[in-house]
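The values are calculated or read from the model by the stated rules, or taken from the named source; none is laboratory data. Keep in mind it's a predicted model, so treat the numbers as computed, not measured. Heads up, the Cβs are rebuilt from the backbone with ideal geometry, glycines too, and the neighbour counts pull from every protein chain shown.
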Amino acid sequence: MRKTCILSLTALCLLLVTAATAAAFGEIRYPDRPLNLRSARSAQSQWVGSLHPGQKVRISFMKDGWVAVFEPGETRADEAFAVGYSNVKFLLPKPTRVEPETWGELMVTPRTLNIRDGASVGSRLVGNLEAMERVKVDFPEGDWIMVFHPDATIRSQMNARGYCSAKYFEPAAQAALVPDERQQTVSGRDEAQQAAPMPIEDDSTSVSGAAEVRAAVQPPQPAVAVEEPTPSSSSGDWGKTVTLQSDVNLRTERTSGSVQVRTLKAGERVRVDFLKNGWYAVFEENEVLRSENRALGYALRGLIEGEDVGQNAASPEPVAPVAPEAKTAPPQPAQSPQPAQPMVVQESGKQTMVIDRSKFAGSKRPDPSPNKTAHGYQYRLLEKSETKKYGVTWITLKIFLSTTKLPEATQLKDFCTTLWSEHRRATRNLVVLVYLPGMDTDDLAYGVVTFDDKAMLELWVRQVALFGTKFL
C-alpha cells in the first residue's frame, strides 16, 4: 500500500513538472516602443499587426535576431501558433513604458456563421461560429471582417481565426440585453411561424427606466395598435429601413438641445436601430455593421415614423432669437482716399518679396527627431488621440516627416496608407496630419489624409502652412 502511494505521488509530481515545462516555453518580454509584427523574420516582409509599449508577450524560436511572438498565455511550443515575428532588440525583460491601446470590438452573431481563410465566399472554409458566440472583430476588408477569440490580446492578422461576413454581427453588449425580449416576441407568434426556422430579428420593444417613471406619474394612455409593415418600411438583417415622410434633423446626442449635424430630406431611405428614450440612431441604408459608432446621428422616433411629435419631443427645437431692429448710424463725412504706395515691379512683370528668415529663428522650437522609417521616409509619431465627432469615432495621428524635399501626392498617399494599415480599427475613421521640418506642430498641418475602415477618403495639402519654412 505504501509503495502504491509513493509511486502515485511520484507520477503526479512528474505530471506537474511536465505541465509546468510545457506552459513555460520561451520567455516573457515587453516592447519598449510601438512595435510592428511581420509575417516572417525580415523588416521587408508583410506587416501583420503591432504591439503597444509595455505589452506582455511570449517569445521563442530566435533566429538571426528575430523571434516568434506568441500570446502570453500560449502553451503550445510550436511556431505554427505564432502571431508574428519581431526584432528581439526591442523586446525587453521588464517594461520601461506602458501605453495600453484597445483594439477590435466584441460582437456576437445571432446565427451559425462560417469562418473562411479569405474575404470572399469562394475562400476555403476553416471553421464556424455558433449562434450568440462572442468574438472580437477587426481588420475590415469590404463587407468582410477578421474574427478573433474574445480573450485575444495581440492585434495581428496571424492571430485571427479567419474572415466572416460583417453584416451578420451585432455588438455583444447590446445582444446581452435582448434574449428575454426575443423570447417574449417568439411566444406571441402563431405555431406555424414557430415551427419554421426564422432569422433573428431586432425588436425595439424595450421600455427604458425613464419611460417606466413617466408611466407611474402620468395617466394611462390608450393602447396603440401595431400596424402591418408598409411598403415604405421594411426590416433588414438588423434594425429597419424606412422612407422619411418629411425633413428630419440629425443630432449628435439623444436631446433636442444637442448639435445638429445634418438634415435628411423627405423621401430619403435610411436604416434605424438602437431605440432609446424615444430617439433612434440613424444609419445609411446599406450599412452592414450593426454598431452605434457607425450612426449618422440621432432623430426622434416620431419624426422617423411620421407621427405627431408634439408630445414625444424631449424639448422643443431651439429657435433662433429675433434680432432687434438695427439703428441707422448717421453717415460719416466722406474722406478722400490716401494715395497708394508705388509698387516695384520687375521687367518680367513679377513682383519679388524677400523674407528675412533670421527674424523667425529664435521663435521656433527645434524639429522633433525621427525614430521610425516607412517608404524611405524617417518620421516620428507625435501624438495619437481618439475622439467622437458627429456620431463617428476618429483616430488622429500627428506625424513629423523628416525630409529635405517636398513629398509628391503619390508619395504622401503611400506613406499615410502604410500608417493607416498599422493603426486602423473596425468601425473607426482615421486622419493623418503631416508636419514637415520648420513647421509649428501645434499649428495647422501641411498634409491631411483621411480614411474610413475600408479605404482612403481624401488627401489634400496646405501650401500656406509652409510659410517661413525652407519649402516656401
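Counting only residues that are out of contact with any strand residue (DSSP E or B) (no Cβ under 6 Å at 6 or more places or on another chain) and surrounded by 15 or more Cβ atoms within 10 Å (Cβ to Cβ), segment 88-104 holds 1 of them. Only residues that are touching a residue at least 40 places away in the same chain (Cβ under 8 Å), in a loop (DSSP other than H, G, I, E, B) and over 14 Å from the mean Cα position of the chain (by Cα) were counted across segment 368-403, and they come to 3. The number of residues in segment 424-447 being of a type in the set (Asp, Glu) and surrounded by 22 or more Cβ atoms within 10 Å (Cβ to Cβ) comes to 0. Taking every residue in segment 413-441 that is in contact (Cβ under 8 Å) with a residue 40 or more places away in the chain and at positive phi and pairing it with any residue that is part of a loop (DSSP other than H, G, I, E, B) and among the aromatic types (Phe, Trp, Tyr), at least 6 positions away or on another chain, the pairs with Cβ-Cβ distances below 9 Å are Gly438/Phe471. Under the condition of being surrounded by 21 or more Cβ atoms within 10 Å (Cβ to Cβ), at pLDDT 85 or above and under 17 Å from Thr393 (Cβ atoms), the residues counted in segment 275-294 number 3. Taking into account only those residues within segment 247-274 that are in contact with a Lys or Arg (Cβ under 7 Å, 6 or more places away or on another chain) and among the acidic types (Asp, Glu), which is surrounded by the fewest Cβ atoms within 10 Å (Cβ to Cβ)? Per the stated criteria, the residue is Asp247.
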